[in-house]
Amino acid sequence: MNNTAIPAGIIFFLCFCVLSSCVSFKNPSDTPVNAGAGTMKEQSASGYWVSQPSGNTLTVIGVSSPMVKRDSELEAAKEDAARKVSLFNGVQGTIETFSKSGSAGYFDFINQSNVNLVYDTNYDKYISQLKFDPDKDVYKSDNAVFVRFTYSTAVDDMQYTSVTDTNGNPGWVNYRNLPQISGYNVAVGFAQKQRWVKDTISKSVDAAVARMIEDMSTRVEASDLAQSGYGSSGTISTRSEGKLTDFVVLEFWVEPGTGNVYTLAAAKSAM
């Protein structure tokens with residue numbers, strides 16, 4: 001099993017999503033996207049990658065860093081895809097947060113988060129069942145190799161309308177057009193640019209898992225608020241625990257210019 005820690009920066013995005021999800025509006029210029037259409041090269045033009053499941057087939061996009069040998073790139077991409085299949089089969093998570101605000105304003109503020117994810121790391125049993133078309137399902141950029149794999153398993157068809165805004169960005173990035181999928185929790189994960197694209201995408205996926213678990217159950221473990229002549233200060237600690245099954249990465253988007261990654265994911269809450 002594996003324990004994965006996510007850096008403290010994720011909590012800033014999670015707080016932003018909580019605030020932004022309270023506002024709902026529709027941009028009439030939003031346009032539908034034909035999700036699932038196109039080769040990997042065609043999807044790469046916008047940095048907008050779609051992998052919706054259908055027909056008892058899980059679609060997963062494995063990512064590798066560029067390597068000297070193509071076979072090594074494909075093996076690394078398979079391992080990354082196998083990790084996503086493992087998350088689909090079940091992931092247990094614990095999220096602990098600590099926030100402290102002082103009376104000196106914005107710069108007197110601490111926000112920390114520790115996220116531990118536990119899932120099966122025996123990837124070999126998944127790798128052998130991954131399939132792909134080398135002509136349509138592989139794309140290599142200057143800093144990453146993307147491979148679209150299919151994996152046969154019992155999974156629901158997730159049909160929904162995905163949209164982009166007037167700038168060509170996915171409509172769900174700021175929770176404006178978050179899809180509603182019956183029986184599933186839906187969340188957005190975010191990660192700031194890492195050295196390698198594959199690492200940024202992986203952290204964004206983990207952030208989506210963490211957001212879902214926080215949405216399921218979060219309890220305040222300790223809090224303290226104090227008033228002084230300089231203003232108010234306080235601390236708060238929270239803990240979230242939960243398990244997800246059928247976790248699916250539906251789409252992810254590499255933001256032009258920044259290299260940051262947003263991931264749209266869906267999963268069921270395990271009892």
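Computed from the coordinates by the stated procedures, all read-outs in this text should not be read as laboratory data. Fair warning: this is a prediction, and the values are worked out from it, not measured in the lab. Note: ideal-geometry Cβ built from the backbone for every residue, glycine included; neighbour counts use all protein chains shown.
A few remarks follow.
- W196/T218 FRET efficiency (R0 22 Å; Cβ-Cβ; nearest 0.05): 0.10
- Spin-label pair T245-T258: with each label point 7 Å from Cα along the Cα-Cβ axis, the two points sit 3.6 nm from one another.
- Ranked R211, R239, R219, criterion: other C-beta atoms within 10 Å, fewest first: R219, R239, R211
- Cα gyration tensor shape of segment 181-221, rounded if a/c is under 1.5, else prolate or oblate by comparing a/b with b/c: oblate
- Remark: for residue pairs K193/K243; K140/K193; K136/K243, the C-alpha separation exceeds 30 Å in K136/K243.
- Whole-Hz couplings from phi, Karplus 6.51/-1.76/1.60, listed for segment 245-260; x for Gly and Pro: 10, 6, 6, 10, 7, 7, 7, 9, 9, 8, 5, x, x, 8, x, 5
- Relative intensity of segment 127-176 on a log10 scale, I(q)/I(0) at q = 0.15 Å⁻¹, equals -0.75, per a Debye sum over C-alpha point scatterers of equal strength in the absence of solvent.
- In this simple spin-label model, placing a label point 7 Å from the Cα along the Cα-to-Cβ direction at both T166 and D124 gives a separation of 5.6 nm.
- Share of pairwise Cα-Cα distances greater than 22 Å in segment 110-246 is 61 percent (whole percent).
- Taking V248, V220 and counting other C-beta atoms within 10 Å, the order from fewest to most: V220, V248
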